[in-house]
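Input: a single structure, listed below in structure tokens.
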Amino acid sequence: MREQLLKLKDEALAAIVNAPDVATIQEMRVRYLGKKSDLSLALGGLGKLPSIEERKAMGALGNELKQAVSAALDDREAVLGEGELEVRLAAERIDVTLPGRPVRRGHLHILNQVINRIEDLFIAMGYEVAETRQVETDWYNFEALNIPKGHPARDAQDSFYMTDDVLLRTHTSNTQIRYMLEVAKGRTPVKIICPGRVFRRDFEDATHSAQFHQVEGLVIDKGINMATLKGTLVEMAHGLFGAGVGIRLRPSYFPFTEPSAEMDISCIFCKGKGCRTCKGSGWIEIGGSGMVHPNVLRHGGYDPEEVSGWAFGYGPERVAMLMYGIEDIRHFTNSDMRFVRQF
């Protein structure tokens, strides 16, 4: 039996030295040290030996052989493991000196930037920012603003109706009426600006859209007149377009103001000399303004004999198009990231 055990040892050690990988080593552990291995089967026959001394001697030799084979397997596995690790590290090596891929950071849409700039300008003048619902009733959107049913002004503000009395607002003037009735409740002074999204059934082109934004302003107090209106508009124009920009008011008509005026600024491109943008006039129209109509004051809970007010309104899209040379209003809503990332 001694010769058999030594032969099994020599065969196992020779095979272990030539094992090509760790997986083979795992197979050899079962083959040479498992319960059904030749070595285990040979040691299982110790009980057939004639003397106790011989059985003890062969048992001790068998244990030495198992320890030798196990140690050889461990040594070979360690060597192969280091080699495989080196190969894996080489294959997965990362060059830490390469520049990383930059993470693109988002930013406010250009319209939000312009609206925020307008809000900051008026907040600095003591105004409050007021907002309200975009789905409105006919009374708040039209009738309370001196535009009764059948009024011709409704043709220019055709909207999207959900019912005969509920529609998407056509201007942010509904905020003015709701603020007067629900917040101010007859107190003065009232100094608010009303930014927000509005909707009209316009055919879309480079200068018209079915949805756009407005910023409106409202001031109500005793002694309010056109002079204070113009002074505020001058301050606004200087804050948006620079101190060298002039302003003029042209007589016009709006059903919710009387008297009413169109608001123009001197052309920021030709400095008032006349160019293609201003059509040779030297002026660019921005929006509308005027003294709040007495009927609107009454609907808002104020006595026009006691107080007066003025209002104005214009589109942030128009302002952004002038400030940044944007030629088509549809760029603001078409989700083209090439446009959005410019600002």
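For region 144-214, the Kirkwood estimate of the hydrodynamic radius, built from every pair of different alpha carbons, is 13.8 Å. Of Val319, His331, Leu6, which is farthest along the charge dipole of the chain in the positive direction, counting Lys and Arg as +1 and Asp and Glu as -1 at C-beta? Positive-most Cα among the choices belongs to Leu6. The radius of gyration of the Cα set in region 60-113, together with its Dmax, comes out at 27.3, 89 angstrom. Taking 0.692 mPa s as the viscosity and 37 °C as the temperature, the Stokes-Einstein diffusion coefficient of the chain based on its alpha-carbon Kirkwood radius rounds to 121 µm²/s.
A Cβ-based charge dipole, computed about the Cα centre of the chain with Lys and Arg at +1 and Asp and Glu at -1, lands at about 380 debye. My understanding is that a pair violates if its Cα-Cα distance is over 18 Å; which of Lys9/Lys66; Lys191/Lys222; Lys230/Lys279 do that in this structure? The answer is Lys230/Lys279.
Can you give the relative contact order of the chain as a percent, counting alpha carbon pairs under 8 Å and 6+ residues apart?
Answer for the chain is 14 percent.
Alpha carbon centre of region 294-316 versus region 125-148: separation in Å? Cα centres, region 294-316 to region 125-148: 11 Å. Computed about its Cα centre, the charge dipole of region 197-343 is approximately 540 debye, with only Lys, Arg, Asp and Glu carrying charge at their Cβ.
With n ≥ 4 as the cut-off for DSSP H runs, can you work out [θ] at 222 nm for the chain, using -39500 (n - 2.57) per run divided by the number of residues, rounded to the nearest 500? Present the calculation step by step, with values, prior to reporting the outcome.
Values: 11 runs with 133 residues, N = 343.
Rounded to the nearest 500, it is -12000 deg cm²/dmol.
Bear in mind these aren't lab numbers, they're just calculated from the coordinates by the rules spelled out. Since we're looking at a predicted model, the values are computed, not measured. Quick reminder, even Gly has a Cβ in these numbers, built from the backbone with ideal geometry, and neighbours come from all protein chains shown.
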